[in-house]
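Participant: To start, I am sharing the structure in question, which I have written as structure tokens.
Derivation of every value follows stated rules applied to the coordinates shown; laboratory data play no part. Everything numeric here is computed off the predicted structure, so don't read it as measured data. So basically every Cβ, Gly included, is an ideal-geometry build from the backbone, and we count neighbours across all protein chains shown.
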Amino acid sequence: MNTTRKQYLQKYEDSLLADDLGWLKCSQGNAAGLWLERCPTQKRFTIDSKHFTVQLRFRLRLPIPSITTGSRCSCKGHPKLDRYGYHLSSLCGKDGFRSATHNAITLTINQCCHANGILTKLEPRNMFRVIDPEDGDRPDILLMNPPGFEKSAVAADVRVSHPISTPSNNITLAQAKRFGDGSIAARKGLSEKNRKFKEKCDRVEVGFYALIFEATGRPLNETIRFIDTLVKNSVAVNGLDRQVTVRYWLSALSFSIQNAIAESILKRSLIVNSAQSHQAHAKDRSSHHIHMADRINGRNQFKSTSFHSIFTPKFDESRFPMYEDNFSSTEQRHYNHSFHQPTTKITSIESVHDDDSVYEMNEID
């Protein structure tokens, strides 16, 4: 009997340990890997080589070159860093990079609202002081008069969860097998957000939605349904395909998450390991490999040994043409300015969903 693809995958999953299986489950599904599928038709869908390298290694559970084995983080408790970037991406709050990931998601959702004609306010103040003068809690975003929702005002709050084991909480193999619909951490985050805001929002006649994403980039099904409701009225008015439009904004969210996580790993690892980075070269004496690693990790100025400084070959960039080299000079000028050309004719989703200037009237408090 021929072995099917599903049987091969099941056999592979049966051979994995709990963390490996949990990570695989949370990386499955279209929404988690949209950043690998989308063509760079807009600036929000582009990734530079350094970030792409880190994002790909993060997704495949491969060691990040800029993280030195055995080094410890500079955050409280000084935990030992894992080689895969999990601590630096979603567990460490030092230097504000974890908040930057959260904010990148919030701003992308805000852009989605604006593109679909929904007025918003970021981190609205004093929402709950009418029921408790001491309550200063603020959801991430407030939607005003959004079509398709039950109430005339809807609040939403974002969380990014780390799906697999942490130093304080290990997952079991039985738990990992049930991660198809969301990890334990994601479901816990959903419950905590609802417990914090749902009742209070009901008392002030405001709807509430917890928007939960896993560090792999996968949103919970509740988050996907929220995005679908956001675009439902807009696509009907503009005559666009609903599924394609939802996929467009899920792609935008996927890029926002992955770029922010890669930025966190790159910059935090270089801060933590800058004085120890010479140790990474001790394992590989190939001058060409060292030179390539330095370019990827942004350490062009760093020379770890005399061997490296004397025998480093000149890098031949002509062997790796830039993306822009595929265009003629006329096409290149059009490519560089295509995002700024005003138009009133609807020709694609991008023409409807790429300009927020009309609605930019609120800033983060």
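Participant: Quote the relative contact order of the stretch 145-206 in percent (integer), defining contacts as alpha-carbon pairs under 8 Å separated by 6+ residues.
Facilitator: Relative contact order comes out at 40 percent.
Participant: If you don't mind, there's one more thing I want to ask. Counting other beta carbons within 10 Å of each residue's own, what order do 216, 53 fall into, fewest first?
Facilitator: Neighbour counts put them in this order, fewest first: 53, 216.
Participant: Kindly provide the trypsin sites (Lys or Arg not before Pro) of the stretch 1-78 that DSSP labels as loop, not H, G, I, E or B, and whose Cβ sees at most 12 other Cβ atoms within 10 Å.
Facilitator: Sites meeting the loop and neighbour criteria: 76.
Participant: Could you go through the stretch 163-170 in sequence order and give the Karplus-derived ³J(HN,Hα) for each residue, using 6.51 cos²θ - 1.76 cosθ + 1.60 with θ = phi - 60°, rounded to whole Hz, and x for Gly and Pro?
Facilitator: Running phi through 6.51 cos²θ - 1.76 cosθ + 1.60 with θ = phi - 60° gives x, 10, 4, 10, x, 9, 8, 9 Hz.
Participant: Fully extended, how many nm does the chain gain between residue 9 and residue 238 (0.36 nm per residue separation, minus their Cα-Cα distance)?
Facilitator: 78.3 nm
Participant: Treat each spin label as a single point 7 Å out from the Cα along the C-beta direction, and report the residue 48 to residue 130 distance in nm.
Facilitator: 4.7
Participant: May I ask you to sort 172, 106, 166 by Cβ crowding, counting other Cβ atoms within 10 Å and putting the fewest first?
Facilitator: 172, 166, 106
Participant: For the stretch 164-256, go through all pairs of different Cα atoms, get the mean of 1/r, take its inverse, and jot down that Kirkwood value in Å.
Facilitator: Result for the stretch 164-256, one decimal place: 15.3 Å.
Participant: Is the shape of the stretch 53-154 best called rounded, prolate or oblate, per the rule: a/c under 1.5 gives rounded, else a/b larger than b/c gives prolate, else oblate, with a ≥ b ≥ c the square roots of the Cα gyration tensor eigenvalues?
Facilitator: Oblate, since a/c reaches 1.5 and b/c is not below a/b.
Participant: Would you mind checking the stretch 190-217 for residues with the amide N under 17 Å from a putative spin-label position 7 Å along Cα→C-beta of residue 137?
Facilitator: Residues 190-212 fall inside that zone.
Participant: Here's another thing I want to ask about it. Can you list which of the trypsin sites (Lys or Arg not before Pro) found in the stretch 78-128 are DSSP loop residues with at most 13 other C-beta atoms within 10 Å?
Facilitator: Those satisfying the criteria are 125.
Participant: Below 29 Å Cα-Cα, how many Lys pairs turn up in the stretch 1-142? Only count pairs eight or more apart in sequence, or on different chains, if you could.
Facilitator: The number of close lysine pairs in the stretch 1-142 is 13.
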